């Protein structure tokens, strides 16, 4: 059996979808393309060779006439532009009804139930940037012990607490109980524990984040598990799928550590899927509108491509894709409704497949590799 390494470059969109306006996004959104344009160009020689420049216009990255990878633009079919809908669709689940969002904060009945869990009413209860709200309310939180509650344009219930004020075990317990509390019509797709440390004026979030997602319907990961194919999760992958179909999971602090752990798993795995989320693109740079940081993160990943490719044996596969966009050049700090890139190495000769309908193509390709199906079978949906 082969090994497949699949990297999700969280938020690395490649151009606005036709329905972007319905999600309050501009028709010019293009996370990778606009980052490159604003920086005067990016130097990504390894992604250039694979064919990134064939997927969208990236200043400084040429469109190869003969890409080394199979490349395509994937068009999301689900209703949404968040982590859960993107990742679930990759694994074969289409979200037809958007998860609830709360641009004006959560209603009184939700706050009352959460207060009963924590013993004190939360601070905030607004849609906000995570770093900004802890800067604004962190000191009051430490003084009172009241948790900080906030949301975003996504379907999330986020609880922030200082690790010295609220022990991690307590914060996790609050979030687990909030997950159980949030049922229809308030069944958000994720409850997120957001611990931080530091002092007023210098608060920083820690790697001890935990995501409590609603359990997905059966996915490709479950089918792989049933056939004895182990799935090794790196980053928040395990949380996104509520552990379903996951054989092992490792948490990481940043993209660099995620790549390190993925390579270690590849070395230790004779067959199976190593499924990796590279979260820095989204949380550290996209949401914070840090164009330079985003470009530098792309360059750091590009520099590691040779050692990743060196792990690909005959019969193995390597996939790079994304779950949505988060264009830091656009107004606001929310995700953007975009096509996502698809680059696949090792399983077929390089080719440009154009636009493919559905992020589910990722899961189809992974599953077909373990079933021994041809690329043409999985590509029949184009």
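The values are calculated or read from the model by the stated rules, or taken from the named source; none is laboratory data. Quantities reported herein were computed from a predicted structural model and do not represent experimental measurements. Please note: Cβ atoms are built from the backbone with ideal geometry, for glycine as well, and neighbour counts cover all protein chains shown.
Of the residues examined, residue 267 is not one that is in contact (Cβ under 8 Å) with a residue 24 or more places away in the chain, on the phi < 0 side of the Ramachandran plot and crowded, with 17+ Cβ neighbours inside 10 Å. Listed here are the helices (runs of 4 or more DSSP H) enclosed by the stretch 135-254 that have at least 2 residues being over 21 Å from the mean Cα position of the chain (by Cα) and on the phi < 0 side of the Ramachandran plot: 168-181, 220-226. Filtering the stretch 163-180 down to residues that are in contact (Cβ under 8 Å) with a residue 40 or more places away in the chain and more than 13 Å from residue 213 (Cα to Cα), which residue is surrounded by the most Cβ atoms within 10 Å (Cβ to Cβ)? Looking at the filtered set, the residue picked out is 174.
Comparison of 72, 120, 62, 36 shows that the only residue that is in the same structural domain as residue 324 (by TED's automatic domain parsing), in contact with a helix residue (DSSP H, G or I) (Cβ under 8 Å, 6 or more places away or on another chain), exposed (fewer than 15 other Cβ atoms within 10 Å of the Cβ) and in contact (Cβ under 8 Å) with a residue 12 or more places away in the chain is 62. Number of residues in the stretch 39-59 that are assigned to a loop (DSSP other than H, G, I, E, B) and touching a residue at least 40 places away in the same chain (Cβ under 8 Å): the value is 6.
Taken over the stretch 102-135, the criterion of being under 21 Å from residue 197 (Cα atoms) and touching a strand residue (DSSP E or B) at 6+ places or on another chain (Cβ under 8 Å) is satisfied by 122, 123, 124, 125, 128, 130, 131, 133, 134, 135. Exactly one residue out of 259, 250 is at pLDDT 95 or above and either surrounded by fewer than 19 Cβ atoms within 10 Å (Cβ to Cβ) or closer than 20 Å to residue 219 by Cβ (or both), and it is 250. Out of the stretch 1-38, which residues are in a loop (DSSP other than H, G, I, E, B), within 30 Å of residue 225 (Cα to Cα) and in contact with a strand residue (DSSP E or B) (Cβ under 7 Å, 6 or more places away or on another chain)? Across the stretch 1-38, the qualifying residues are 2, 10, 11, 12, 13.
Every test in (1) under 19 Å from the mean Cα position of the chain (by Cα); (2) in a helix (DSSP H, G or I); (3) within 22 Å of residue 36 (Cα to Cα) is passed by residue 88 save one, and that test is (3).
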